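Below are the structure tokens for one structure; questions will follow.
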């Protein structure tokens, strides 16, 4: 089993201005008895661009009998005249693998091996460690924080650099996100990677937060600040594929292509073929499962994250790989049962958020694993179709009800005592994601007619409004993609590397203009409404199919939460008008009483109320064009 205390780089203070470092790396199947050597090459970050200063080399020793073939060494960082080696500050390192055939010449097998267990990494593909007095432990202030319940989540997906440059930049915008009702931030991949911008889906490191974004302490500051705002933070993690420079691919590939070298089985990869997004970890191998489980546990324990969004689970959930994925999420769940912030649910389950991107098999993954949420593109595709001019249909309303779409409500799990329980599960529902052009693009585009990817025409922002109302009033977990709340208008190419290398910096100036300002205001009112009205977070809804789409483009559905404990019964009735003209008609209010329209309530001098006298009684209302209403029973 992997032991993180013996792999990586561990600097230490040995005296006044004296330092040492211990290196450790697992290279299963690679032994010194087969004439292999592993060298660590170290240079101070201030010397790396000086051609007159070479790295300092240290030989690692193979630990015979270690089940994972640990190579390790502890060495003094003796100062070298004319360099910064051994002085306080950041040192960069990498490994090399050498082999000497019997009676032959020593040869370099792998010239550049980055550390698969590095806790820090410089921009590019150099692992790193800091030399100097040990920093004080991070002062966490989230002891009282609890991860929100699944049904209470409103998620905001963002890419750190695009959103506001760094982890600290995201921290600066937490109050803004909270104003949208958001209580869960989903960060696109944050681990260090090569210099090229690729959304983070070219994973090279799995234990090192990106220095480009501010490094480990800045990420902790972000998560700590989010927890102080009662907001969860989940990480988008990429376990389905790796970069070609990932050590457990490149080292063993180099070795396989070295004539005469011993044949060593790859401890982690599914062969040598690069297909799809990159070399694929083999989840039937115990080392692979253990590697990613250790990564999850580090993020939970050291960084206090609230869960994970697993990229491309569709590819992992194919026999026999599916058993490995099931094991990973189960073991992560079991580990979370020991962490206080995930506890407190009435059902005894952990509140850890484990979300699978399982676009073609979301229902199956939710039913068969400890995954409690899933990405699926159902609502996104329907919204894009309506935005493109297709009239709304019953399918849109059905998508707002996961149970109608075949999603399970719960899956079997265990509590801390090992007793079988039912854990709630739900799909993420969204109008936009990082993988698609923004919804305004489908409404219409403007600018240069010769541009193959013209930007969306933001003057048509009002056509996005009924979709926003649907997003905040549906069943499931609403998710926003950065900028949709003020009609950011990036258009993605349909295919090719330009998709992932296109940096889409948030147009924060849109927040203030005549198109973005009213849309942000709507999102804020809807966020407050979902937070305050229990019915909108419930798992009960009813689609009035007989009254909907009757010569109009109006969809009507109710939301209901039964009385529970000290919570009173809660009702809401939602009307969405996708048409370009106002629509007047009979709205079927499910129970008698006083109902108040809440979307625009804060703008009215007096409340807009109706009072059906019988259950199911109809009242004539007028729904503005490209808009909607949310009626809440107030008495």
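Name the residues in the range 388-407 that are touching a helix residue (DSSP H, G or I) at 6+ places or on another chain (Cβ under 7 Å) and surrounded by fewer than 22 Cβ atoms within 10 Å (Cβ to Cβ), would you? Show your work before the answer.
Taking the range 388-407 first, the residues touching a helix residue (DSSP H, G or I) at 6+ places or on another chain (Cβ under 7 Å) are 388, 392, 395-396, 399-400, 404-407.
If the condition is that a residue be touching a helix residue (DSSP H, G or I) at 6+ places or on another chain (Cβ under 7 Å) and surrounded by fewer than 22 Cβ atoms within 10 Å (Cβ to Cβ), then 388, 395, 404, 405, 406, 407 are the ones that fit.
Moving on to the next point. Got a sec? Which of 244, 258, 288 is under 28 Å from residue 38 (Cα atoms) and either free of Cβ contacts under 8 Å to residues at least 12 places away in the same chain or surrounded by 17 or more Cβ atoms within 10 Å (Cβ to Cβ) (or both)? First the steps, then the outcome.
Numbers: 244 fails: either free of Cβ contacts under 8 Å to residues at least 12 places away in the same chain or surrounded by 17 or more Cβ atoms within 10 Å (Cβ to Cβ) (or both); 258 fails: either free of Cβ contacts under 8 Å to residues at least 12 places away in the same chain or surrounded by 17 or more Cβ atoms within 10 Å (Cβ to Cβ) (or both).
So the residue among 244, 258, 288 that is under 28 Å from residue 38 (Cα atoms) and either free of Cβ contacts under 8 Å to residues at least 12 places away in the same chain or surrounded by 17 or more Cβ atoms within 10 Å (Cβ to Cβ) (or both) is 288.
Report yes if residue 163 is assigned to a loop (DSSP other than H, G, I, E, B) and either assigned by TED's automatic domain parsing to the domain that holds residue 218 or surrounded by fewer than 23 Cβ atoms within 10 Å (Cβ to Cβ) (or both), otherwise no. I'd like the intermediate steps shown before the answer.
Numbers: assigned to a loop (DSSP other than H, G, I, E, B): no; either assigned by TED's automatic domain parsing to the domain that holds residue 218 or surrounded by fewer than 23 Cβ atoms within 10 Å (Cβ to Cβ) (or both): yes.
Taking the combined requirement at face value, the residue does not satisfy it.
Is it the case that some residue within the range 56-69 is in contact (Cβ under 8 Å) with a residue 60 or more places away in the chain, crowded, with 20+ Cβ neighbours inside 10 Å and assigned to a loop (DSSP other than H, G, I, E, B)?
Checked against the condition, which is being in contact (Cβ under 8 Å) with a residue 60 or more places away in the chain, crowded, with 20+ Cβ neighbours inside 10 Å and assigned to a loop (DSSP other than H, G, I, E, B), the range 56-69 yields no hits at all.
List the number of the failed condition for residue 529; all other conditions in (1) in contact with a strand residue (DSSP E or B) (Cβ under 8 Å, 6 or more places away or on another chain); (2) within 19 Å of residue 578 (Cβ to Cβ); (3) in a helix (DSSP H, G or I) hold.
Just one mismatch for residue 529, condition (2).
Filter the range 483-509 down to residues that are assigned to a helix (DSSP H, G or I), over 22 Å from residue 164 (Cβ atoms) and over 22 Å from the mean Cα position of the chain (by Cα), then give me how many there are.
Residues that pass the stated criteria total 0.
Can I ask one more? Anything in the range 11-32 that is more than 18 Å from residue 87 (Cβ to Cβ), touching a strand residue (DSSP E or B) at 6+ places or on another chain (Cβ under 8 Å) and surrounded by fewer than 18 Cβ atoms within 10 Å (Cβ to Cβ)? List them, or say none.
Going through the range 11-32, the residues more than 18 Å from residue 87 (Cβ to Cβ) turn out to be 22-32.
Checking the rest, the ones that are also touching a strand residue (DSSP E or B) at 6+ places or on another chain (Cβ under 8 Å) come to 22-27, 30-32.
22, 31, 32, listed by residue number.
Residues being surrounded by fewer than 14 Cβ atoms within 10 Å (Cβ to Cβ), more than 17 Å from residue 433 (Cβ to Cβ) and in contact (Cβ under 8 Å) with a residue 60 or more places away in the chain: count how many of those fall in the range 499-517.
1
Also: Do any strands (runs of 3 or more DSSP E) entirely within the range 323-419 hold 2 or more residues that are in contact with a strand residue (DSSP E or B) (Cβ under 9 Å, 6 or more places away or on another chain) and within 30 Å of residue 548 (Cα to Cα), and if so, which? Give the derivation first.
Numbers: elements: 353-357, 373-375, 410-414.
Here the list reads 373-375.
Related question: With the condition being at pLDDT 95 or above, within 24 Å of residue 519 (Cα to Cα) and more than 36 Å from the chain's Cα centre (by Cα), I'd like the strands (runs of 3 or more DSSP E) fully within the range 540-635 carrying at least 3 qualifying residues.
618-623
Here's something else I'd like to know. How many residues are farther than 24 Å from residue 550 by Cβ and touching a helix residue (DSSP H, G or I) at 6+ places or on another chain (Cβ under 6 Å) when one looks only at the range 569-619?
Adding up the residues that qualify gives 2.
If you check 374, 346, 383, 393, which single one turns out to be within 26 Å of residue 329 (Cβ to Cβ), in contact (Cβ under 8 Å) with a residue 40 or more places away in the chain and in the same structural domain as residue 307 (by TED's automatic domain parsing)?
Numbers: 346 fails: in contact (Cβ under 8 Å) with a residue 40 or more places away in the chain; 383 fails: within 26 Å of residue 329 (Cβ to Cβ); 393 fails: within 26 Å of residue 329 (Cβ to Cβ).
Going through 374, 346, 383, 393 in turn, the sole match is 374.
The values are calculated or read from the model by the stated rules, or taken from the named source; none is laboratory data. Just so it is clear, the model here is predicted, and its values are computed rather than measured. Glycine gets a Cβ as well: all are built from the backbone with ideal geometry, and neighbour counts include every protein chain shown.
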